[in-house]
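To start, the structure itself, in C-alpha cells.
The values are calculated or read from the model by the stated rules, or taken from the named source; none is laboratory data. All figures in this text were calculated on a predicted structure; none of them were measured in a lab. Please note: Cβ atoms are built from the backbone with ideal geometry, for glycine as well, and neighbour counts cover all protein chains shown.
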C-alpha cells in the first residue's frame, strides 16, 4: 500500500528538506504552499529524482478557506505523515506592528497546525500508525513577541499529544531548531549581521535528526549541540533574565 506525507510550506527551507527526506524514504508527497510555480517545480524534481508520486495544493494557510482545503484533503485521503512547517515572522515590536499581520501569524503558526492535527491525529489513532512533526523553534523557550508565543504553543501541544498517544504507534514530535540557513530571515526582513557562523544550522541535517528523533518516540527534537546547551541554560536562568535576552535579540534583528 502506498504511503503519503503532507508537508506545509513545502517549497523552501525546512519544508523542502522534509519533502526530499520523505521521498527518499519512499513516501509520496503532498506539497502545500502559496507559490504554484515553485510547487510544480519542486514536485517535478521529486518525481524525477525519487520516482515517487506527488500532489500539489496551492493555498494560503493564513485564510480560513485555505486551512479548510487542507483539512478536507486530510479527512478524505490517508495521510501517514504530517509535517506542519508553514510559517513566517514579523520584524516589528508588538506595539508597533499591524494587527492584521499579527492575526495572520497566529493563524499560520497556531490555528492551522492545531486544526490539521485535529483532523489527522484521530485518523492516525484509528489506524494505530502515523507521524506528526510540528516545526517549532527554540524561540518558544524565550520571550520574543508573538512568534515566540506561537512556537511555545506548538511545542507544548506537541508534548501533550505525545503523552496522550504514548500507548499507540502514532508519533508526535516538535522540532525546535535555532537559526537555520533558509529564506525565513530574508523574507521577514530581519537583520542577522554579526551572528556567529557556529550558530547556523543546516536544514537537511536538522531535518534528518528530527525524523530520526520522531521515529524513536522523542517528544522534542533540538538539533545542534549549541542549541541543546542554550536550552539547558535558559531552563536554569531566572525568567527575568530570559525575558531581557529574548527581547534584546528581537531588537537586534530589527536593525
* To do: For the range 57-78, indicate whether the set of residues that are modelled with pLDDT under 95 and either surrounded by fewer than 19 Cβ atoms within 10 Å (Cβ to Cβ) or out of contact with any helix residue (DSSP H, G or I) (no Cβ under 8 Å at 6 or more places or on another chain) (or both) is non-empty.
  => no
* Structure fact -> residue 35 vs (1) without any contact (Cβ under 8 Å) to a residue 12 or more places away in the chain; (2) touching a strand residue (DSSP E or B) at 6+ places or on another chain (Cβ under 8 Å): all pass except (1)
* Looking at 83, 79, 90, which one is under 20 Å from the mean Cα position of the chain (by Cα), under 23 Å from residue 214 (Cα atoms) and either free of Cβ contacts under 8 Å to residues at least 60 places away in the same chain or not in a strand (DSSP E or B) (or both)? -> 79
* Structure fact -> residue 104 meets each of (1) more than 20 Å from residue 132 (Cβ to Cβ); (2) in contact with a helix residue (DSSP H, G or I) (Cβ under 9 Å, 6 or more places away or on another chain); (3) at pLDDT 95 or above with one exception, condition (2)
* Structure fact -> Within the range 51-66, restricting to residues that are touching a strand residue (DSSP E or B) at 6+ places or on another chain (Cβ under 6 Å) and assigned to a loop (DSSP other than H, G, I, E, B), the one that is farthest from residue 115 (Cα to Cα) is 52
* Structure fact -> Counted residues in the range 181-220 being modelled with pLDDT under 80, farther than 19 Å from residue 149 by Cα and not in a helix (DSSP H, G or I) come to 11
* Asked: From the residues in the range 22-46 that are farther than 18 Å from residue 70 by Cα and crowded, with 18+ Cβ neighbours inside 10 Å, which one is nearest to the chain's Cα centre (by Cα)?
  -> 22
* Between residues in the range 128-140 that are at positive phi and residues that are assigned to a strand (DSSP E or B), which pairs lie under 6 Å by C-beta distance while being six or more apart or on different chains? -> 130/170
* To do: Have a look at 146, 168 and point out the one that is in a helix (DSSP H, G or I), farther than 22 Å from residue 70 by Cβ, touching a residue at least 40 places away in the same chain (Cβ under 8 Å) and more than 13 Å from the chain's Cα centre (by Cα).
  => 146
* Asked: What residue, of 49, 125, is within 19 Å of residue 172 (Cα to Cα) and surrounded by fewer than 17 Cβ atoms within 10 Å (Cβ to Cβ)?
  -> 125
